[in-house]
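Only the coordinates and a few stated rules stand behind these numbers; no lab work does. From a predicted model like this one, the values you see are computed outputs, not experimental measurements. Here Cβ is always computed from backbone atoms with ideal geometry, including for glycine, and neighbour counts include all displayed protein chains.
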Amino acid sequence: MSNLKKPLVGIIMGSSSDSRIMKGAAEILDQFKIKHEDQIVSAHRTPTRLSEYAEHAEKMGFRVIIAGAGGAAHLPGMIASHTIIPVIGVPILVYNDKPTKKNNNSKFSAFGGLDSLLSISEMPTGSPVVTVGVNKSSNAGIYAVKILANEFPELKIKLKRHKIIQHKSVLKESEEMKKQGLSKFVKKKFK
Ligand code: RP5
């Protein structure tokens, strides 16, 4: 377990406005007791910092980088271009700023996240980025654990346990649905 004492995953995002979505990845890693280092690195606003971060990630010995960005989401791809560490991209449906009283509209991407999804997944041949669904940062976390499980067998056991928990939780909800009937179930679940 000794190697699990230092951060093995770098979580980065293009803006602080991505943080509420990206925390899903951190929560999964915390659950599996995997240390991670979290930073903001913008491909467009801090381009030199981007290449410095890639060097930093290699020096730190990160096994995986989880990179989230919205809109013209170049961060995951550009990081992947600078390092051989596998990159998992999280397309973000911008923007996640809290609506203020003056402006009650949440700011969303004009293209519903498809802009970031395509920016991240459509990498040229030779420079791949694994991409999860829009805003699905927790899936990036689980995928990172799966990569690490090749090196740390104790994580394999935890991943199997995680699957059993998921299985049981679906069965439990299904039992409740069967017992209450669909209408009551929906009223209770989404009240
Ligand atoms: C991207 O632009 C960031 O990843 C973020 O999702 C989006 C908007 O950033 P802010 O204008 O909210 O800082 O670079």
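Residues checked against (1) more than 27 Å from residue 115 (Cβ to Cβ); (2) hydroxyl-bearing (Ser, Thr, Tyr); (3) touching a Leu at 6+ places or on another chain (Cβ under 6 Å):
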site: 10; (1), (2), (3): no, no, no
site: 16; (1), (2), (3): no, yes, no
site: 25; (1), (2), (3): no, no, no
site: 37; (1), (2), (3): yes, no, no
site: 52; (1), (2), (3): no, no, no
site: 58; (1), (2), (3): yes, no, no
site: 71; (1), (2), (3): no, no, no
site: 88; (1), (2), (3): no, no, no
site: 93; (1), (2), (3): no, no, no
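Any idea which of 37, 27 is within 15 Å of the chain's Cα centre (by Cα), of a type in the set (Asp, Glu) and within 21 Å of residue 133 (Cβ to Cβ)?
Details: 37 fails: within 21 Å of residue 133 (Cβ to Cβ).
On inspection, the qualifying residue turns out to be 27.
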- Task: With the condition kept exactly as written, say whether any residue in region 33-55 is more than 10 Å from the ligand (Cβ to nearest atom), among the aliphatic types (A, V, I, L, M) and within 14 Å of residue 137 (Cα to Cα).
- Result: no
- Sole residue being among the small types (Gly, Ala, Ser) and farther than 30 Å from residue 83 by Cα, chosen from 127, 138, 121, 183: 183
- Which pairs do you get when a residue that is charged (D, E, K, R), found in region 14-29, comes within reach of a residue that is not in a helix (DSSP H, G or I), reach meaning Cβ atoms under 6 angstrom, with the pair 6+ apart or on two chains? 18/68; 18/92; 20/96
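In region 21-37, which residues are in a loop (DSSP other than H, G, I, E, B) and surrounded by fewer than 17 Cβ atoms within 10 Å (Cβ to Cβ)?
If we filter region 21-37 for residues that are in a loop (DSSP other than H, G, I, E, B), which is where we start, we get 32-35.
The answer is 33, 35.
It is to be established whether one or more residues within region 5-20 are away from the ligand (no atom under 16 Å from the Cβ), surrounded by 22 or more Cβ atoms within 10 Å (Cβ to Cβ) and within 13 Å of the chain's Cα centre (by Cα). First the steps, then the outcome.
Here is the first cut: in region 5-20, the ones away from the ligand (no atom under 16 Å from the Cβ) are 5-9.
Okay, now just the ones that are also surrounded by 22 or more Cβ atoms within 10 Å (Cβ to Cβ), so 8-9.
Retained after the next criterion (residues that are within 13 Å of the chain's Cα centre (by Cα)): 9.
Yes, some residue in region 5-20 is away from the ligand (no atom under 16 Å from the Cβ), surrounded by 22 or more Cβ atoms within 10 Å (Cβ to Cβ) and within 13 Å of the chain's Cα centre (by Cα).
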